[in-house]
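The structure appears right after this line, and notes come after that.
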Amino acid sequence: FFSHRYGKSKRTVCSASDPLLLTRVLWRNPPVRSTPAQSRPPSSVATLLTPERIRPILRMIRRGAANRFRPSKYDHRAYVAQLKRRAQVEQTTIFGTAWSPDGRYLLASSSFGEVLCWDFGRGAGGPNGYFSEDYWANLDGDGDGSVEGPGGSEDGDAASRRRPVIRVRPSEDVGALYDLKLKRLGGQMSVIASGDIGVVIYRWSDFLEKMREEEGIHCSDDDEAGKWFSFSDTRLVCIEHVASFKAHPSATERQGVEINSVSVDDNNDQLFAAAGDLFGCYRWDVSTGSLLGTMSGHHTDYLHAVHVVNSGKQVLTGGEDGKMGIWDCKSGSLVEMVDCRKHFAKNPSIFSKPNPDFVWGSDTHLWLSGFSSDAGGNWATLCGGAEGSRAAAENVGGFVSTWHLPSRTLSAASAMGESPQAVSSDGGGDDGDVVTTGNRGVVKYWTRSGLRLSSEALSCVKSGYSLSTNPINGAMIVAGSSRFLDCFMFPGSRSFSISV
């Protein structure tokens, strides 16, 4: 990509492979001048070929991009593939994200069945890159509260255009990938992705090897230390999976049942998967590859989320029926099925932020969309959507609530005018805030005690589906129906964005 920048507030980006578009940009976008418009001389060749216009062209020629203009170098198939890729990027939805244990790599699963990988270790400030304290301590903003994140302005692309290192597509078509986890299975770190036709598992070491190869191709010895690289089109690589699990065929569709969420029991090497049908929650033994059960017959509708409590003793399930299932991890037996709507109706005063549009009665339709738990496994936070009644579909909002798992009692709750789709209990702050994001793209921070709204920030993501907290420095990534992923280094303040 080629960027022609006039000042800090106006930037025009076009493709160097389209000379006509490049000519139009240079002709129609005059540089910023200090003289009034009435005193400007008429346009001529001398005024058009200013240093501001010539300098980016010379820079592009030095980088070898001028070869794209040569007819002998033109590849029509590659050009069409590039256009298709750009259209795909604009329509991308990120459903799941996960950090590596060392906090350096970020993985994301997309609606096009790809796993995207970013490397945050390359950058200023030593091995932690742009997450180092030295980098943020010496960073100068523009005076408007925004800061320049990874990518800088030197590579001709904005900080919010940071590209992934590799794009990984499974060896077989799995459709959209709805969830992603990076967990230890069978003694090794594994990448677990769930999608339209089941679950696929990769070795994390294979991802690291591919990223090192790709960085070796794009980086040379004379590159400046700490420089981030922006690829116009990240290369697509194929990695063979080590295991895959298929769901049952759907009773209403030709393809298999989609898996909306996955969670792992590290103690017993069991994989739990929330199915988008009446089969319930699948339970697989990863070591043998056998299906242990479906944990069905208790939920009356398809599931959105599954979460293994950190203690490894219980697993939580929730979906369209508005009930939270509490199961025993080892045996797969049901401990209790909690009807959240009944608890809300009995305790309307427990809501720290009541919504007058909702009457938590028999006509209120709830669904659960996300779970999170504390390190001890005693407290669970869940979020979901709500409709005032099934007849009034436009009256849609949501809630976030905390529960004491040993006693299965409701501790605190808060209603809101949007439908949260992801929740995290590791949102930073002094007391470890609870964070939610939903269908309006707003990231909200709630106090852990009482679930009172402490702050909120607007995200570039139109509708948020995933929240992931860096295990080392607490940086939070928000992803959803957008090509951008927002990074929040500090609670309530978006630091920078990266792009697919």
For this session: Using label points projected 7 Å from each Cα along Cα→Cβ, tell me how many nm separate ASN347 and ARG452, to one decimal.
Result: 1.8
Seminar exercise, completed: The size of the Cβ-based charge dipole (Lys, Arg +1; Asp, Glu -1) of the range 408-500 about the Cα centre, to the nearest 20 debye, is 240
Exercise. ASN267 versus VAL335, label points 7 Å from Cα toward the beta carbon: distance in nm?
Worked result: 1.0
For this session: Determine the order of HIS76, HIS298, HIS365 by accessible area, beginning with the largest, at a probe radius of 1.4 Å.
Result: HIS76, HIS298, HIS365
Exercise. Want the number for ARG86 to MET189: 0.36 nm per residue separation, take away the alpha-carbon distance, what's left?
Worked result: 33.8 nm
Exercise. When all protein chains stay in place, what accessible area (Å², nearest 10, 1.4 Å probe) is found for ILE477?
Worked result: 0
Exercise. Say the cut-off is 32 Å between C-alpha atoms; which of LYS323/LYS444; LYS313/LYS444; LYS181/LYS444; LYS342/LYS444; LYS313/LYS342; LYS210/LYS444 go over it?
Worked result: LYS210/LYS444
Exercise. Which of the peptides 305-318, 196-209 is most tightly packed, and how do the rest follow, going by the mean number of other Cβ atoms within 10 Å of each residue?
Worked result: 305-318, 196-209
Problem set entry | Probe 1.4 Å - accessible area at CYS383, Å² to nearest ten | 0
Problem set entry | FRET efficiency, CYS460 to SER296 (Cβ-Cβ, R0 45 Å, nearest 0.05) | 0.70
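The values are calculated or read from the model by the stated rules, or taken from the named source; none is laboratory data. Quick caveat, the model's predicted, so the values are computed rather than measured. Here Cβ is always computed from backbone atoms with ideal geometry, including for glycine, and neighbour counts include all displayed protein chains. Protein only, heavy atoms only, side chains kept; ligands, DNA and RNA dropped before computing areas. Shrake-Rupley method; radii C 1.70, N 1.55, O 1.52, S 1.80 Å.
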